[in-house]
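Only one structure is covered here, and it is reproduced in the block below.
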Amino acid sequence: MPVSKAQPLIAVVDDEEPNRIALRRLLRAAKFDVEMFPSGAAFLESLKSHQPDCVVLDIHMPGLGGLAVQARLVESGVRLPVIFLTADDSAQIRERALAGGASAYFRKMVDRDTLLDAITTAIAQTPGPDAP
């Protein structure tokens, strides 16, 4: 009998606890496993033991902000879809995030189905760890 694959693991990185809790509820209702981090540094530290299937990342956080976290992922060769969810909708920051390889960039209060579709699409389009 084949072993079923666990649900995709989504990391939520946001310094505001109410945002993390709301995203956890939404993602769990959509049958994703969720882990939450209050900082970019805590998230990057977790990558030493495991890697999620996707990260939903805030732009502005104390310490390492979202763009710095994204840059560290790229520098270290981590193939991980990044979806930015932020209150900052400046065109310049959006362009930097997308140019850095983000799968999507949304303003907070995004429609739930739009966010869930973006996560599902990003996971499906990301090559596995053994891909060239």
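The values are calculated or read from the model by the stated rules, or taken from the named source; none is laboratory data. Everything quoted here is computed from the prediction, not taken from an experiment. A quick note on method: Cβ atoms are made from the backbone with ideal geometry, for glycine too, and the neighbour counts reach across all protein chains shown.
Let's see how each residue does on (1) buried (at least 18 other Cβ atoms within 10 Å of the Cβ); (2) touching a residue at least 40 places away in the same chain (Cβ under 8 Å); (3) within 23 Å of E95 (Cα to Cα):
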position: A6; (1), (2), (3): no, no, no
position: L9; (1), (2), (3): no, yes, no
position: P18; (1), (2), (3): no, no, no
position: A29; (1), (2), (3): no, no, no
position: M36; (1), (2), (3): yes, no, no
position: A42; (1), (2), (3): no, no, no
position: K48; (1), (2), (3): no, no, no
position: P62; (1), (2), (3): no, yes, yes
position: R72; (1), (2), (3): no, no, yes
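Scanning the range 105-121 for residues that are touching a strand residue (DSSP E or B) at 6+ places or on another chain (Cβ under 9 Å) and not in a helix (DSSP H, G or I) gives Y105, F106, R107, K108, V110. Applying the set (1) at pLDDT below 95; (2) surrounded by fewer than 17 Cβ atoms within 10 Å (Cβ to Cβ) to D113 leaves exactly one unmet item: (1).
The residues of the range 15-58 that are among the charged types (D, E, K, R) and out of contact with any Leu (no Cβ under 8 Å at 6 or more places or on another chain), listed by number, are D15, E16, E17, R20, R24, R25, R28, K31, E45, K48. Would you confirm whether any residue within the range 41-55 is farther than 21 Å from L116 by Cβ and among the charged types (D, E, K, R)? Yes, the range 41-55 contains at least one residue that is farther than 21 Å from L116 by Cβ and among the charged types (D, E, K, R). Among the residues making up the range 56-78, those that are outside any helix (DSSP H, G or I), closer than 15 Å to L98 by Cα and in contact with a Ser or Thr (Cβ under 8 Å, 6 or more places away or on another chain) are D58, I59.
Would a scan of the range 97-108 turn up a residue that is touching a residue at least 40 places away in the same chain (Cβ under 8 Å), of a type in the set (D, E, K, R) and surrounded by 13 or more Cβ atoms within 10 Å (Cβ to Cβ)? So far as the range 97-108 goes, yes, one or more of its residues are touching a residue at least 40 places away in the same chain (Cβ under 8 Å), of a type in the set (D, E, K, R) and surrounded by 13 or more Cβ atoms within 10 Å (Cβ to Cβ). When T126 is tested against (1) over 16 Å from A11 (Cβ atoms); (2) at pLDDT below 95, only condition (1) is not met.
Going by the conditions given, is F84 in contact with a Phe, Trp or Tyr (Cβ under 6 Å, 6 or more places away or on another chain), closer than 24 Å to Q7 by Cα and assigned to a helix (DSSP H, G or I)?
On the way: in contact with a Phe, Trp or Tyr (Cβ under 6 Å, 6 or more places away or on another chain): yes; closer than 24 Å to Q7 by Cα: yes; assigned to a helix (DSSP H, G or I): no.
Judged against the criteria, F84 is not a match.
Being of a type outside the set (A, V, I, L, M, F, W, C) and modelled with pLDDT under 90 is the filter here; which residues of the range 91-110 pass it? Correct list: K108 only.
Among the residues of this structure, V13 does not count as one that is surrounded by 14 or more Cβ atoms within 10 Å (Cβ to Cβ) and under 12 Å from I119 (Cα atoms). Being of a type in the set (D, E, K, R) and either assigned to a helix (DSSP H, G or I) or under 13 Å from the mean Cα position of the chain (by Cα) (or both) is the filter here, so list the residues in the range 9-53 that pass it. Residues satisfying the conditions are D14, E17, R20, R24, R25, R28, D33, E35, E45, D53.
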